[in-house]
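The values are calculated or read from the model by the stated rules, or taken from the named source; none is laboratory data. Note that the coordinates shown come from a computational prediction; the quantities given were computed from them, not determined experimentally. Here the Cβ positions follow ideal geometry from the backbone for every residue, glycine too, while neighbour counts run over all protein chains shown.
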Amino acid sequence: MPRKPRFTLASIPQHVIQRGNNRKPCFLAEQDYCRYLDDLKTAADKHQCRNHAYVLMTNHVYMLVTPMKEPGIGEMMQALGRRYGITSTGPIAVPALCGKGVIRPASLTPTPTCWSACATSN
């Protein structure tokens, strides 16, 4: 039996949790975190979502996201999984891609999007 569609409303902040498969790490190196944040920004912009806050742990991610259209978060997370999943099998291989997600309504006032910049080292 297929799972029920997620309930999301435009302009309502949502608490999003994304976990690694079998609780294995999603991020092994600093480059993994930076790539994920770049992919997150690209996916959020494309699918009209505002990402207010995030916490990147080794095996899971917490985000506070406001979709500007109803299917926005689901589309953003799907695009994020596709982008991050493809690149994470290269030199910085990630054994367990972040894939299991939970979206919960949050009762917070939206604020402007804020992104942290990752320093790149050569």
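Listed by first and then second residue, the pairs with beta-carbon distance under 7 Å, at least 6 apart or on different chains, first residue in region 29-45 and of a type in the set (Phe, Trp, Tyr), second not in a helix (DSSP H, G or I), are TYR33/PHE27; TYR33/LEU56; TYR33/CYS118; TYR36/PHE27; TYR36/LEU56.
Only residues that are assigned to a strand (DSSP E or B) and crowded, with 22+ Cβ neighbours inside 10 Å were counted across region 62-77, and they come to 4.
SER11 falls short on exactly one of the conditions (1) assigned to a loop (DSSP other than H, G, I, E, B); (2) exposed (fewer than 15 other Cβ atoms within 10 Å of the Cβ); (3) of a type in the set (S, T, N, Q); (4) modelled with pLDDT under 90, and that condition is (4). I'd like to check something: does region 47-60 contain any residue that is among the hydrophobic types (A, V, I, L, M, F, W, C) and modelled with pLDDT under 90? No: zero hits.
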